[in-house]
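See below for the structure under consideration.
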Amino acid sequence: RAAVLAIKSGYDFTAQQYVTKYVVSTTQDGGASWLTVDGTGLNAHGTYLRLLSVSEDGKALNALSYSNVLLRSVDGGQTWSSPGAIDPTNPYSLAITAFNADVLGAIGFGGAFLSEDGGLNWLKLKLPVGVDNFMLSGSNLRRVDAQTLLMTSGAGTTYLSKDKGANWNVVVAASSLNSYQTPLAAFSDAKHGFMVDEKGRSLATQDGGAT
């Protein structure tokens, strides 16, 4: 499945003016056929929208506006609404990542947040010891499974949590403060993972990063 968010414009001869609106196209057969609908509720959020995710059945979609307003549709893109503020104290500082149609992560000046219901409710995550939100970006928070999270600091240290952020352990220690040498790590479950270090070496772990 896939989805495309696009801007459609044309001249309305009745109103005698150009009209611009968003349309949402979804496919369930690898692009062989597409269903296109008007994205009611999107135009009010400007012309710089980014589609974040689409569910397996193509019904639930998440999008992000230029001003960091999270938008959600549960009817294939026909109607859209905003679930609510993630961090009311700093609404414009958030970088939002969609892990799937229902699970979203956000990092900003107010901390790190996780939602498992499409943005309706958000859990503020405990950060690893010595890490503050200024050392993070939206791409540095990753979700492995329902309980397992990965977080990488700006210094290149990668932390693994097996209890949804309550506790963190170092799995990749930073060997350099050069952000261009940040190691990359990914886990398929709480125990098995792979990483590429700052020297380009590929490493694997079967014990959650202990070795």
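Residue by residue through the stretch 1-19, note down the ones that are in a strand (DSSP E or B), of a type outside the set (Gly, Ala, Ser) and either over 24 Å from residue 59 (Cα atoms) or free of Cβ contacts under 8 Å to residues at least 24 places away in the same chain (or both). Break it down into steps so the answer makes sense when it comes.
Residues of the stretch 1-19 in a strand (DSSP E or B): 2-12, 17-19.
Filter once more, keeping what is of a type outside the set (Gly, Ala, Ser): 4-5, 7-8, 11-12, 17-19.
If the condition is that a residue be in a strand (DSSP E or B), of a type outside the set (Gly, Ala, Ser) and either over 24 Å from residue 59 (Cα atoms) or free of Cβ contacts under 8 Å to residues at least 24 places away in the same chain (or both), then 8, 11, 12, 17, 18, 19 are the ones that fit.
For residue 122, all conditions in the list (1) at pLDDT below 85; (2) open to solvent by 20 Å² or more (accessible area, probe 1.4 Å); (3) over 16 Å from residue 145 (Cα atoms) hold save one; what is the number of the exception?
(1)
Go through 174, 166 for me and flag whichever is out of contact with any strand residue (DSSP E or B) (no Cβ under 8 Å at 6 or more places or on another chain), at pLDDT 75 or above, open to solvent by 30 Å² or more (accessible area, probe 1.4 Å) and in a loop (DSSP other than H, G, I, E, B). Don't jump to the end; show me each part of the working.
Values: 174 fails: at pLDDT 75 or above.
After applying the criteria, what remains is 166.
I'd like to verify a number: residues in the stretch 94-119 that are among the small types (Gly, Ala, Ser) and open to solvent by 10 Å² or more (accessible area, probe 1.4 Å), how many?
Of the stretch 94-119, the ones among the small types (Gly, Ala, Ser) are 95, 98, 101, 105-106, 108, 110-112, 115, 118-119.
If we keep only those that are open to solvent by 10 Å² or more (accessible area, probe 1.4 Å) as well, we get 95, 98, 110.
Within the stretch 94-119, residues that are among the small types (Gly, Ala, Ser) and open to solvent by 10 Å² or more (accessible area, probe 1.4 Å) number 3.
For the subset of the stretch 64-88 comprising residues that are open to solvent by less than 60 Å² (accessible area, probe 1.4 Å) and at pLDDT below 75, which member is nearest to residue 115 (Cα to Cα)?
Residue satisfying both the conditions and the ranking: 86.
Hey, any hits in the stretch 132-141 for a residue that's touching a Leu at 6+ places or on another chain (Cβ under 8 Å), open to solvent by 20 Å² or more (accessible area, probe 1.4 Å) and among the hydroxyl-bearing types (Ser, Thr, Tyr)?
No, every residue in the stretch 132-141 fails to be touching a Leu at 6+ places or on another chain (Cβ under 8 Å), open to solvent by 20 Å² or more (accessible area, probe 1.4 Å) and among the hydroxyl-bearing types (Ser, Thr, Tyr).
Would you check which residues across the stretch 1-35 are closer than 17 Å to residue 72 by Cα and polar (S, T, N, Q) and list them?
25, 26
I need the full set of residues from the stretch 20-45 which are over 20 Å from the mean Cα position of the chain (by Cα) and part of a loop (DSSP other than H, G, I, E, B), in order please.
Residues satisfying the conditions are 28, 29, 30, 31, 32, 33, 34, 39, 41.
So in the stretch 177-211, with the set limited to residues that are assigned to a loop (DSSP other than H, G, I, E, B), modelled with pLDDT under 75 and of a type in the set (S, T, N, Q), which one is least open to solvent (accessible area, probe 1.4 Å)?
182
State which residue pairs qualify: first residue in contact (Cβ under 8 Å) with a residue 40 or more places away in the chain and on the phi > 0 side of the Ramachandran plot and inside the stretch 27-52, second residue open to solvent by less than 30 Å² (accessible area, probe 1.4 Å) and among the aliphatic types (A, V, I, L, M) in any location, beta carbons under 9 Å apart, and separation of 6 or more residues or different chains.
41/71
Any residue that is in a loop (DSSP other than H, G, I, E, B), modelled with pLDDT under 80 and within 25 Å of residue 146 (Cβ to Cβ) - is there at least one of those in the stretch 89-96? Write out each step before concluding.
Restricting attention to the stretch 89-96, the residues satisfying the condition of being in a loop (DSSP other than H, G, I, E, B) are 89-94.
Cutting the leftovers down to modelled with pLDDT under 80 gives us 89-94.
With the extra rule that they be within 25 Å of residue 146 (Cβ to Cβ), the set shrinks to 94.
Checked the stretch 89-96: at least one residue is in a loop (DSSP other than H, G, I, E, B), modelled with pLDDT under 80 and within 25 Å of residue 146 (Cβ to Cβ).
The values are calculated or read from the model by the stated rules, or taken from the named source; none is laboratory data. All of these numbers come straight from a predicted model, not from anything done at the bench. Positions of Cβ are generated from backbone atoms using ideal geometry, with glycine treated the same way; all protein chains shown enter the neighbour counts. With ligands, DNA and RNA removed, areas are computed over all heavy atoms of the protein, side chains included. Shrake-Rupley method; radii C 1.70, N 1.55, O 1.52, S 1.80 Å.
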